[in-house]
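Since the structure comes first, as structure tokens, the remarks are kept for the end.
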Amino acid sequence: MRIGELARATGTTARALRHYEQAGLIGSGRAPNGYRVYDEAAVVRVRNIRALLEAGFTLEDVRPFLGCLDRDALGPPSAGALRIARERLAVLERRIAAQSETRDRLAAAISAAQAPARQVRGPSG
């Protein structure tokens with residue numbers, strides 16, 4: 001299949017597929033006219049790559065998973081892949097905590113800013 005067909009089949013873009021290929025995560029052959037040609041197995045691999053990226057992994061993080069990207073369900077990850085997954089989870093948890101703290105401060109600031117306005121207008125507004 002050509003790059004546009006693979007992009008449609010996986011819900012991604014041709015640009016992303018070229019990026020994955022440049023990163024060594026997928027491979028292609030060449031048609032006589034020079035167009036990239038992918039086999040059907042590329043659909044599963046690209047879907048798995050996208051699932052990992054959506055889970056917060058980087059393209060470099062995906063590399064240790066190459067051995068298990070060609071199955072419909074990601075197979076058991078290697079020790080290196082598990083380490084990367086734990087690191088990504090820790091990063092996400094820190095980001096969530098920081099965002100929650102920011103949200104709470106913003107909500108408190110809004111509440112404090114609205115309190116004097118309610119006092120001036122009175123309870124009925």
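The values are calculated or read from the model by the stated rules, or taken from the named source; none is laboratory data. None of these values were measured; they are calculated from a predicted model. As a convention, Cβ positions derive from the backbone with ideal geometry for all residues, glycine included, and neighbour counts pool all protein chains shown.
Could you please give the count of residues in segment 67-88 that are touching a residue at least 24 places away in the same chain (Cβ under 8 Å) and closer than 17 Å to T10 by Cβ?
Count: 5.
What residue, of G24, G11, is over 16 Å from the mean Cα position of the chain (by Cα) and loosely packed, with under 12 Cβ neighbours inside 10 Å?
G24
Quick check on my filter: what residues within segment 59-81 are among the acidic types (D, E), over 16 Å from the mean Cα position of the chain (by Cα) and either surrounded by 12 or more Cβ atoms within 10 Å (Cβ to Cβ) or modelled with pLDDT of 90 or more (or both)?
D70, the sole residue that qualifies.
Only one of these conditions is not met by Y35: (1) aromatic (F, W, Y); (2) modelled with pLDDT under 95; (3) within 23 Å of the chain's Cα centre (by Cα). Which number is it?
(3)
Which of (1) hydrophobic (A, V, I, L, M, F, W, C); (2) exposed (fewer than 15 other Cβ atoms within 10 Å of the Cβ); (3) in contact with a strand residue (DSSP E or B) (Cβ under 8 Å, 6 or more places away or on another chain) does I96 not meet, given it meets every other one?
Looking at each condition in turn, I96 falls short on (3).
Going through segment 27-58 one residue at a time, which ones are among the hydrophobic types (A, V, I, L, M, F, W, C), within 24 Å of E87 (Cβ to Cβ) and buried (at least 16 other Cβ atoms within 10 Å of the Cβ)?
Selection gives V46, I49, L52, L53, F57.
Which number in (1) over 16 Å from L17 (Cβ atoms); (2) among the aliphatic types (A, V, I, L, M); (3) loosely packed, with under 12 Cβ neighbours inside 10 Å marks the one condition that I84 misses?
Of (1) over 16 Å from L17 (Cβ atoms); (2) among the aliphatic types (A, V, I, L, M); (3) loosely packed, with under 12 Cβ neighbours inside 10 Å, only one is false for I84: (3).
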